[in-house]
Amino acid sequence: MAIMNENYCNLKESYLFSQIAAKVSTYVKENPDKKVIRMGIGDVTLPLAPVVVAAMEKAVQEMGVKETFRGYGPEQGYDFVHTALVKYYANHGVTLETSEIFISDGAKSDCGNITDIFSDDNIILVPDPVYPVYVDTNIMRGRKIVYVKGSPENNFLPMPDYTIKADVIYLCSPNNPTGAAYTKPQLEEWVAYALKNDAVILYDAAYEAFVTNSDIPRSIYVVEDAKKCAIELCSLSKTAGFTGTRCGYTVVPHQLKRKAGNGTMMELNKMWLRRQTTKFNGVPYIIQRGAEAAFSEQGVKECGEILEFYRENARIMMATLDKIGIKYFGGIYSPYIWMQCPNGMGSWEFFDYLLEKLAIVGTPGAGFGDMGEGYLRLTAFGSREGTIEAMERMEKSL
Ligand SMILES: *Cc1c(COP(=O)(O)O)cnc(C)c1O
């Protein structure tokens, strides 16, 4: 008899976005004349940068010619992408070796897959509210999860609690859903806590490209000794509009080592390489040529213009919320605005109100954890017209 992984019974049944989709679809059916503005799901809307498209087109041509055709590539990615990323990191003050970077089909996969190299006996520390993937992937392994709370008091940037002994720590900065971003001194505190507990930080930097202020780190490795305790997960999804194209990367420094029960020193980089070469066959060559182009000088420039479009949407949203006097977090270093629900409304109550009264779709904060109750996430990934119209509707009615 096949015994199932019964940890799956402990997953919450309804997935946030399917619940939202069901409500929106009912509303659309009942109100066919209303123009719904979607500011819910965190997906980009602008097309790929021209330099990325050109690189992928060239790669497609190569694949159709015998002399330049490629079959299986290295599981950890081609060196041309590693080299492009080493340069990209160097521009942000971080020195990496090409062998410390692993190319993947996205940060979501790696967030889940990285759990393979950790024992199920670990205590997992997760900030609340947070990207639901960290919680669910660990519930699937039956691990104990503890939470640190984000709240207006700490600007949704929870700091280490030395009364909790955690082994694996998830941090996401700039944060999804709150848009909050840690400063370097704050990350130094997390690194100090991790080193004290011999813990490992899984640092999700999916939104690093939204950071423009030099006070906010774009990588955890700007912190001294972070290479001894942190893995960085990153993605081209938000940086270069690759949500449908699929490409991410994970950095596992050579300095990151932990002792096994029998005294063997385990190098996490080697473990991850072994895991990837065993269970993964790499990202398509065509996509990796696109990724290389995204991190080229021209690519960073073109992608930067796209990010600037989203940042402008966020500024329009923040200006409106300022005007109507609604408190919010984020918006500056991220495409997310984390707004307080007005008049003491709950997350889902305000979600329903926005949908039914204003035909605007947000994401209820409660879907990201208990501390998200009373908040709603809006994204700046929409069109300019849609963003402006949504804000006009809010200004009139809130
Ligand atoms: C969008 C996002 C990612 C990226 O996931 P991909 O699988 O690379 O598309 C990772 N982490 C967070 C917090 C995100 O919001």
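Here are the numbers:
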quantity	calculated
Qualifying positions in segment 246-275 - surrounded by 21 or more Cβ atoms within 10 Å (Cβ to Cβ) and within 15 Å of the ligand (Cβ to nearest atom)	247, 248, 249, 250, 251
Selection count where residues are more than 15 Å from residue 199 (Cα to Cα) and of a type in the set (Val, Ile, Thr), scope segment 120-167	6
Strands (runs of 3 or more DSSP E) completely within segment 146-251 that count 1 or more residues being closer than 26 Å to residue 367 by Cα and aliphatic (A, V, I, L, M)	168-172, 200-204, 230-235
Where a residue in segment 239-257 is of a type in the set (D, E, K, R) and its partner, wherever it lies, is within 9 Å of the ligand (Cβ to nearest atom), with Cβ under 9 Å and at least six apart	246/104; 246/105; 246/106; 246/109; 246/236; 246/237
In segment 149-189, the residues that are of a type in the set (Val, Ile, Thr) and surrounded by fewer than 19 Cβ atoms within 10 Å (Cβ to Cβ)	163, 164, 183
Residues located in segment 136-156, provided they are closer than 24 Å to residue 280 by Cα, within 16 Å of the ligand (Cβ to nearest atom) and in contact (Cβ under 8 Å) with a residue 40 or more places away in the chain	136
Some residue of segment 49-60 being closer than 17 Å to residue 235 by Cα, of a type outside the set (Lys, Arg), more than 16 Å from the ligand (Cβ to nearest atom) and not in a helix (DSSP H, G or I)	yes
Residue that is nearest to the chain's Cα centre (by Cα), among those in segment 76-133 that are part of a loop (DSSP other than H, G, I, E, B) and within 16 Å of the ligand (Cβ to nearest atom)	131
Residues (within 16 Å of the ligand (Cβ to nearest atom) and over 18 Å from residue 137 (Cβ atoms)) located in segment 206-215	207, 208, 209, 210, 211
Residue match in segment 19-32 (condition: within 26 Å of residue 351 (Cβ to Cβ), exposed (fewer than 13 other Cβ atoms within 10 Å of the Cβ), in contact (Cβ under 8 Å) with a residue 24 or more places away in the chain and not polar (S, T, N, Q))	no
From the options 326, 306, 337, residue that is part of a helix (DSSP H, G or I) and aliphatic (A, V, I, L, M)	306
Residue in segment 95-105 that is touching a strand residue (DSSP E or B) at 6+ places or on another chain (Cβ under 9 Å) and either within 30 Å of residue 371 (Cβ to Cβ) or surrounded by fewer than 17 Cβ atoms within 10 Å (Cβ to Cβ) (or both) present	yes
In segment 225-244, the residues that are polar (S, T, N, Q) and within 8 Å of the ligand (Cβ to nearest atom)	235, 237, 243
Filter result for residue 198 (at pLDDT 95 or above and on the phi > 0 side of the Ramachandran plot)	yes
From the options 192, 205, 209, residue that is surrounded by fewer than 17 Cβ atoms within 10 Å (Cβ to Cβ) and either in contact (Cβ under 8 Å) with a residue 24 or more places away in the chain or more than 20 Å from the chain's Cα centre (by Cα) (or both)	192
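The values are calculated or read from the model by the stated rules, or taken from the named source; none is laboratory data. All figures in this text were calculated on a predicted structure; none of them were measured in a lab. Neighbour counts are summed over all protein chains in view; Cβ atoms, including those assigned to glycine, are modelled from backbone coordinates with ideal geometry.
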